[in-house]
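The values are calculated or read from the model by the stated rules, or taken from the named source; none is laboratory data. For clarity, every value in this text was computed on a predicted model and none was experimentally measured. Every residue, glycine as well, gets a Cβ built from its backbone with ideal geometry; the counts of neighbours run over all protein chains shown. Accessible surface is based on the protein model in full, side chains and every heavy atom, while ligands, DNA and RNA are left aside. Shrake-Rupley method; radii C 1.70, N 1.55, O 1.52, S 1.80 Å.
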Amino acid sequence: MCEKRVLIAEDDPDIGDALRQALTERFDCEADVVANGALVMDWVAAQRPDLLILDVGLPGLNGLDVFDLLRSDTRLQGVPVLFLTGLPERAETAKAATGVHEVLAKPFDIEDLLARAERLMGGAKSEIAV
């Protein structure tokens, strides 16, 4: 049984699938991908992930709007967030103002992402040493 749950909010299906595969292969976790910001809140409320990887440029609700909604819901405030974005300056502004845990710019190094994910998930069990 998986110990950790990750939600990847990414509208590029290739990036979403690659992240899901890398996370599930490296860690003892389940990873799901949603491609629309409006779906994130429902998923997070139902599943309470151990990590949310959030793209800023999502259709529906953009990642910054999703983040604001997350932080306004007291039940969800503790969910760690890693912004993965082609717009790092916008995410850095949110980080300074509201406490995003990590910002990683696209294009990104998968090993860097996995190391950050492990740190945010509190040392998730790794199948392969980093």
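Worth pointing out:
- Filter pass, residue 56 being under 13 Å from the mean Cα position of the chain (by Cα) and part of a helix (DSSP H, G or I): no
- Restricting segment 13-48 to residues that are free of Cβ contacts under 8 Å to residues at least 12 places away in the same chain and open to solvent by 60 Å² or more (accessible area, probe 1.4 Å) leaves a set whose member that is farthest from residue 75 (Cα to Cα) is 14.
- Verdict on residue 83 being aromatic (Phe, Trp, Tyr) and modelled with pLDDT of 90 or more: no
- Hits in segment 86-115 - residues which are assigned to a helix (DSSP H, G or I) and modelled with pLDDT of 75 or more: 110, 111, 112, 113, 114, 115
- Qualifying residues in segment 1-10 (those that are modelled with pLDDT under 95 and either within 19 Å of residue 59 (Cα to Cα) or hydrophobic (A, V, I, L, M, F, W, C) (or both)) - the one least open to solvent (accessible area, probe 1.4 Å): 2
- Residues located in segment 61-76, provided they are in contact with a helix residue (DSSP H, G or I) (Cβ under 6 Å, 6 or more places away or on another chain) and open to solvent by 70 Å² or more (accessible area, probe 1.4 Å): 69
- Residue list for segment 116-130, restricted to those being of a type in the set (D, E, K, R) and at pLDDT below 80: 125, 127
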